[in-house]
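Undergrad: First the structure, which I've put down as structure tokens, then a few questions once you've had a look.
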Amino acid sequence: MIIREMQIDDLDQVMPIEEELFSVPWSSVGFFSFLLRDDALFLVAEDQGEILGYCGVLMVLDQGDIVNVGVKSERQRQGVGRKLLNALIRKTEEKGVASLYLEVRAGNQAAISLYESLGFCRLGVRKGYYEEPKEDGITMCRS
Ligand SMILES: CC(C)(COP(=O)(O)OP(=O)(O)OC[C@H]1O[C@@H](n2cnc3c(N)ncnc32)[C@H](O)[C@@H]1OP(=O)(O)O)[C@@H](O)C(=O)NCCC(=O)NCCS
């Protein structure tokens with residue numbers, strides 16, 4: 001498995017994963033517009049041409065906002081998410097990012113456990129931040 005930057009051609013494989021995982025998925029146009037931005041970094045995990053997962057961050061000066069993380073369901077719990085985020089942390093540090101922020105559904109224990117194991121701490125709660133279903137968001141930060 002390799003971790004590399006997402007290319008526009010990858011969207012054919014990324015979009016079905018996004019639509020499988022999220023009740024309010026990003027559109028392909030949304031991904032496309034982020035891939036064109038200099039302040040964004042999107043990574044994919046690929047195994048012999050198959051995209052297993054992806055993550056993305058937006059960077060402003062020394063801060064980064066992780067905007068999505070997803071691993072296709074049949075390949076979850078095999079270390080893909082951890083590898084993606086470790087690569088994202090390393091690459092953003094190389095670009096001068098000192099603090100990473102993210103938002104996660106309060107009930108998403110799998111993701112929260114992953115983030116905590118990578119050194120993210122809970123900063124606060126955003127009441128009713130998510131839709132479909134309505135749920136609080138936990139803001140987390142890694143400095
Ligand atoms: C959250 C997600 C990205 C994790 O990816 P993954 O490849 O399955 O995670 P990994 O196999 O790298 O697991 C790393 C750690 O995360 C935690 N974890 C992952 N899945 C878990 C689960 N189902 N329950 C509890 N902890 C879990 C564990 O601490 C795990 O370490 P361990 O296997 O040594 O115990 C994946 O489950 C996913 O895509 N979920 C749906 C989309 C989503 O919720 N994205 C995050 C939005 S903020």
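Undergrad: At a Cα cut-off below 20 Å, give the lysines reachable from Lys72, other chains included and same-chain residues fewer than 8 away excluded.
TA: Lys83
Undergrad: Could you tell me which GluC sites (Glu not before Pro) in segment 47-143 are loop residues by DSSP with no more than 16 other beta carbons within 10 angstrom of their beta carbon? Could you put the intermediate results ahead of the total?
TA: Numbers: sites: Glu50, Glu74, Glu93, Glu94, Glu103, Glu116, Glu131, Glu135; in loops: Glu131.
Passing both the DSSP loop test and the Cβ count: Glu131.
Undergrad: Quote the relative contact order of the chain in percent (integer), defining contacts as alpha-carbon pairs under 8 Å separated by 6+ residues. If you can, show how the numbers build up before the last one.
TA: On the way: 240 pairs, mean separation 27.0, N = 143.
It comes to 19 percent, rounded to a whole number.
Undergrad: Next question. Does the chain come out rounded, prolate or oblate by the C-alpha gyration tensor, with a ≥ b ≥ c the root eigenvalues, rounded set by a/c under 1.5 and, if not, prolate when a/b is larger than b/c and oblate if not? Write down the numbers at each step before the final one.
TA: On the way: a/c = 1.37, a/b = 1.14, b/c = 1.19.
Rounded is the answer for the chain, as its axis ratio a/c remains below 1.5.
Undergrad: Same structure again: In nm, what is the difference between 0.36 nm times the number of residues separating Asp39 and Lys91 and their Cα-Cα distance?
TA: Working: separation 52, 0.36 × 52 = 18.72 nm, distance 1.27 nm.
Contour length minus Cα-Cα distance gives 17.4 nm.
Undergrad: Within the accessible area of the chain, what % is carbon and sulfur when the probe is 1.4 Å and the other protein chains stay in place?
TA: Details: 3810 of 7860 Å².
It is 48 percent, rounded to a whole number.
Undergrad: Write down the accessible area per residue of the chain in Å², having rolled a 1.4 Å probe over the full set of protein chains.
TA: Working: 7860 Å² over 143 residues.
Heavy-atom accessible area per residue stands at 55 Å².
Undergrad: Sort 22-29, 64-71 by the packing proxy (mean of other Cβ within 10 Å over each peptide's residues), most packed first. Spell out each step's value before the answer.
TA: Working: 22-29: 12.5, 64-71: 21.0.
Highest-to-lowest ranking by the protection proxy: 64-71, 22-29.
Undergrad: Another question, if that's okay. Please report the net charge: other residues with Cβ closer than 13 Å to the Cβ of Glu18, K and R +1, D and E -1.
TA: On the way: positive: Lys72; negative: Asp10, Asp12, Glu19, Glu20.
Around Glu18, the surrounding residues sum to -3.
Undergrad: Please identify the trypsin sites (Lys or Arg not before Pro) of segment 57-115 that satisfy two criteria: DSSP loop assignment and at most 15 other Cβ atoms within 10 Å. Which are they? Walk me through the intermediate numbers first.
TA: Details: sites: Lys72, Arg75, Arg77, Arg82, Lys83, Arg90, Lys91, Lys95, Arg105; in loops: Lys72, Arg77, Lys95.
When the trypsin sites (Lys or Arg not before Pro) of segment 57-115 are filtered for loop state and at most 15 Cβ neighbours within 10 Å, Arg77, Lys95 remain.
Undergrad: Could I ask something else about it? Using a 7 Å offset from Cα along Cα-Cβ at Cys141, what residues in segment 80-112 end up with backbone N under 17 Å from the label point?
TA: Counting only backbone N, you get 97-104.
The values are calculated or read from the model by the stated rules, or taken from the named source; none is laboratory data. Worth saying up front: this structure is predicted, and the values here are computed from it rather than measured. With ideal geometry, Cβ positions are generated from the backbone for all residues, glycine too; neighbour counts draw on all protein chains shown. Just the protein is used for accessible areas: all its heavy atoms, side chains included, with ligands, DNA and RNA removed. Shrake-Rupley method; radii C 1.70, N 1.55, O 1.52, S 1.80 Å.
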